[in-house]
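Read the structure below first, then the notes.
The values are calculated or read from the model by the stated rules, or taken from the named source; none is laboratory data. Nothing here was measured: the structure is a model prediction, and the numbers come from that model. Using ideal geometry, Cβ is built from the backbone for each residue, glycine included, and neighbour counts are taken over all protein chains shown.
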């Protein structure tokens, strides 16, 4: 058996470590800001965002799990917490009785609208204000290239067009 592993060189290893440390720290800071200011975890905020953009503010639970890169059981637990808060309700899927929909309520939309300004401010301060306009452009290009490899069927949300 031969080892065909293409190991990272020193420069790639340095970039990889910086990237994973940065992405973890950014997610942690965004989560702390949302918890502090809006009493909601970042993962719940993202669920509300996806539902707010869906037709009729509703989506099949299985599709929502896929879009969030979550297991169905983890999403079901999160939706149960969002239901308890009154931000989401579940209803039967009209076209498939085995499935269910997650529906963003008016209270959930209001909670999202109240949380959004603080979240956007944090994203701006922690990410975009630290970059030059050229770096923002390159970050977008890199993100789109990596997403293309991770999600060639474009199932995950996000703009992938070159002119976005």
Original post:
Has segment 90-106 got at least one residue that is in contact with a helix residue (DSSP H, G or I) (Cβ under 7 Å, 6 or more places away or on another chain) and either exposed (fewer than 13 other Cβ atoms within 10 Å of the Cβ) or under 22 Å from residue 36 (Cβ atoms) (or both)?
Top reply: no
Original post:
Do we have residue 89 as outside any helix (DSSP H, G or I) and at pLDDT 95 or above here?
Top reply: yes
**OP:** For residue 147, indicate whether it is assigned to a helix (DSSP H, G or I) and outside the structural domain of residue 35 (by TED's automatic domain parsing).
**Re:** yes
Original post:
What number of residues within segment 20-30 satisfy the criterion of being surrounded by 11 or more Cβ atoms within 10 Å (Cβ to Cβ), free of Cβ contacts under 8 Å to residues at least 12 places away in the same chain and either over 27 Å from residue 85 (Cβ atoms) or in contact with a helix residue (DSSP H, G or I) (Cβ under 8 Å, 6 or more places away or on another chain) (or both)?
Top reply: 2
Original post:
When segment 137-152 is examined, which residues are found to be closer than 21 Å to residue 46 by Cβ and either more than 18 Å from the chain's Cα centre (by Cα) or modelled with pLDDT under 80 (or both)?
Top reply: none
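To keep it simple, each residue is scored yes or no on (1) modelled with pLDDT under 95; (2) under 17 Å from residue 90 (Cβ atoms).
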site: 6; (1), (2): yes, no
site: 26; (1), (2): no, no
site: 33; (1), (2): no, no
site: 54; (1), (2): yes, yes
site: 57; (1), (2): no, yes
Original post:
If the Cβ limit is 7 Å and pairs must be 6+ apart or interchain, which residue in segment 42-71 that is outside the structural domain of residue 92 (by TED's automatic domain parsing) and within 15 Å of residue 155 (Cβ to Cβ) pairs with which residue that is at pLDDT 95 or above and not in a loop (DSSP other than H, G, I, E, B)?
Top reply: none
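Confirm whether residue 17 is in the same structural domain as residue 61 (by TED's automatic domain parsing) and either touching a strand residue (DSSP E or B) at 6+ places or on another chain (Cβ under 8 Å) or without any contact (Cβ under 8 Å) to a residue 12 or more places away in the chain (or both).
On the way: in the same structural domain as residue 61 (by TED's automatic domain parsing): no; either touching a strand residue (DSSP E or B) at 6+ places or on another chain (Cβ under 8 Å) or without any contact (Cβ under 8 Å) to a residue 12 or more places away in the chain (or both): yes.
Criteria not met by residue 17.
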**OP:** Please indicate, with yes or no, whether at least one residue in segment 59-75 is in contact with a strand residue (DSSP E or B) (Cβ under 8 Å, 6 or more places away or on another chain), surrounded by 12 or more Cβ atoms within 10 Å (Cβ to Cβ) and not in a helix (DSSP H, G or I).
**Re:** yes
Original post:
Conditions: (1) touching a helix residue (DSSP H, G or I) at 6+ places or on another chain (Cβ under 8 Å); (2) in a loop (DSSP other than H, G, I, E, B). Residue 79 meets all but one. Number of the miss?
Top reply: (2)
